[in-house]
Amino acid sequence: MSHLLEINDLEVRFALRSGDLTAINRIGFTLEKGERMGLVGESGAGKSVTGFSILNLISKPGYIAGGRILFRGRDLAVLTTEEMRSVRGNRISMIFQDPMMTLNPVMTIGDQMTEGLMAHRKISRSSAEDLAVEKLKAVHIPSPETRLRQYPHEFSGGMRQRIVIAIALLTDPDLIIADEPTTALDVTIQAEIMDLLLDLCTQKEMAMILITHDLGVVSQVTEKIGVMYAGRIVEMGSTDNIVSNPQHPYTKGLIRALPGSREPGSMLYQIPGSMPSLSAIPEGCAFHPRCDLARDVCRAEVPPLMQRGLFQRLVACHLVGAV
Ligand code: SF4
Ligand code: MG
């Protein structure tokens, strides 16, 4: 049986005058119907670029330089703009960090919802409105019939993000790509939105790729995790496994840096150094300048992502599983 989504050897580059920079370096993963996966890593790891490339939304000078993105058996990387438009917003929806990237400030919520729908489907305005009301109810917006007549600025930040989720749900997609969907919101609202997304995915058997720098959020919502560093996946496996027993030094650092994991009274841990820029990705293991365990082989050879030792997951580190 084929996967809902299968990404093989995806490579994304940015063509600059000084030469091409590789933003995504031959990554691959699969996602099944209803499965929820987290893509985790610090800013600049390539998480959002991965999400955008699935939707063919990489803007110039970025381009997909290689690999396949099979969605329900079709390679999205080779679809025409027109074909891609029907997949996007129909079978796959995306939710961004800032609701105002999706919402038009000068249109009512109702118009935004119905026009999007009418662009994708042969549907009358009144049926589109009924559907909009239904989806607003699903995301717990009170009095949706009245709220449809209002503009984005008449809602709180948390409500706006719920409306964005309602818009993403309009076409009952098979896959939602949520890029830092709660980062801009208050902590209490964050939890509400994540609970809501989780409920909706479960009810509708909708798959989700949750892109975030926050391993804490990912561990509550997803079944598997891909940890990204400098354009590669460095550890991948089931969420429980990775959170309880991380193997890659970078993953260990991310977990140690979680607020709940410190000893009472101790300082919050931070991984030393920062994510390299695309133009200065270190040779060998890109994490080596920040890694306590780095040795000569790490500076010379890229560690392949593979099953190492008896761990039920893939890890890209020379020292994991070495005897
Ligand atoms: Fe650290 Fe070497 Fe493993 Fe990279 S390969 S994470 S530098 S030990
Ligand atoms: Mg991002």
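The values are calculated or read from the model by the stated rules, or taken from the named source; none is laboratory data. All values reported here derive from a predicted model rather than from experimental measurement. Glycine gets a Cβ as well: all are built from the backbone with ideal geometry, and neighbour counts include every protein chain shown.
Can you tell me which residue is nearest to ligand 2 (Cβ to nearest atom) among those in the stretch 292-303 that are part of a loop (DSSP other than H, G, I, E, B) and surrounded by fewer than 20 Cβ atoms within 10 Å (Cβ to Cβ)? It would help to see each step written out before you state the result.
So the first thing to find is which residues in the stretch 292-303 are part of a loop (DSSP other than H, G, I, E, B), and the list is 292-295, 301-303.
Adding the requirement that they be surrounded by fewer than 20 Cβ atoms within 10 Å (Cβ to Cβ) leaves 292-295, 301-302.
Details: ASP292: 27, LEU293: 28, ALA294: 26, ARG295: 31, GLU301: 28, VAL302: 23 Å.
The extreme case among them is VAL302.
Taking the criterion of being hydroxyl-bearing (Ser, Thr, Tyr) and out of contact with any Gly (no Cβ under 8 Å at 6 or more places or on another chain), the only residue of the stretch 154-171 that qualifies is SER156.
Every residue, every condition in (1) touching a Ser or Thr at 6+ places or on another chain (Cβ under 7 Å); (2) touching a residue at least 40 places away in the same chain (Cβ under 8 Å); (3) farther than 24 Å from MET208 by Cα, yes or no:
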{"position": "ILE64", "(1), (2), (3)": "yes, yes, no"}
{"position": "ARG88", "(1), (2), (3)": "no, no, no"}
{"position": "MET94", "(1), (2), (3)": "no, yes, no"}
{"position": "ASP98", "(1), (2), (3)": "no, yes, no"}
{"position": "THR108", "(1), (2), (3)": "no, yes, yes"}
{"position": "GLN112", "(1), (2), (3)": "no, yes, no"}
{"position": "MET118", "(1), (2), (3)": "no, no, yes"}
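A Cβ distance below 9 Å, combined with a sequence gap of six or more or placement on separate chains, defines the contacts here; from the stretch 258-281, residues that are of a type in the set (Phe, Trp, Tyr) reach residues that are modelled with pLDDT under 95 in the pairs TYR269/ARG256; TYR269/ALA257; TYR269/LEU258; TYR269/SER261; TYR269/ARG262. Reported count of residues in the stretch 42-65, each being in contact with a Lys or Arg (Cβ under 8 Å, 6 or more places away or on another chain) and either part of a helix (DSSP H, G or I) or more than 11 Å from PHE14 (Cα to Cα) (or both), is 4.
When you go through VAL217, VAL234 one by one, which is the residue that is closer than 25 Å to LEU4 by Cβ, touching a residue at least 12 places away in the same chain (Cβ under 8 Å), more than 16 Å from ligand 1 (Cβ to nearest atom) and not hydroxyl-bearing (Ser, Thr, Tyr)?
Details: VAL234 fails: more than 16 Å from ligand 1 (Cβ to nearest atom).
Among VAL217, VAL234, only VAL217 is closer than 25 Å to LEU4 by Cβ, touching a residue at least 12 places away in the same chain (Cβ under 8 Å), more than 16 Å from ligand 1 (Cβ to nearest atom) and not hydroxyl-bearing (Ser, Thr, Tyr).
Which helices (runs of 4 or more DSSP H) sit wholly inside the stretch 67-146 and have at least 3 residues that are acidic (Asp, Glu)?
Details: elements: 81-87, 109-120, 125-138.
By residue number, 125-138.
So PRO105 fits all but one of (1) of a type outside the set (Phe, Trp, Tyr); (2) modelled with pLDDT of 90 or more; (3) surrounded by 14 or more Cβ atoms within 10 Å (Cβ to Cβ); what number is the exception? For PRO105, the failing item is (3).
Here are some conditions: (1) out of contact with any Pro (no Cβ under 8 Å at 6 or more places or on another chain); (2) within 30 Å of ASP130 (Cβ to Cβ). LEU258 meets all but one. Which one does it not meet? If we test LEU258 against (1) out of contact with any Pro (no Cβ under 8 Å at 6 or more places or on another chain); (2) within 30 Å of ASP130 (Cβ to Cβ), just (2) comes out false.
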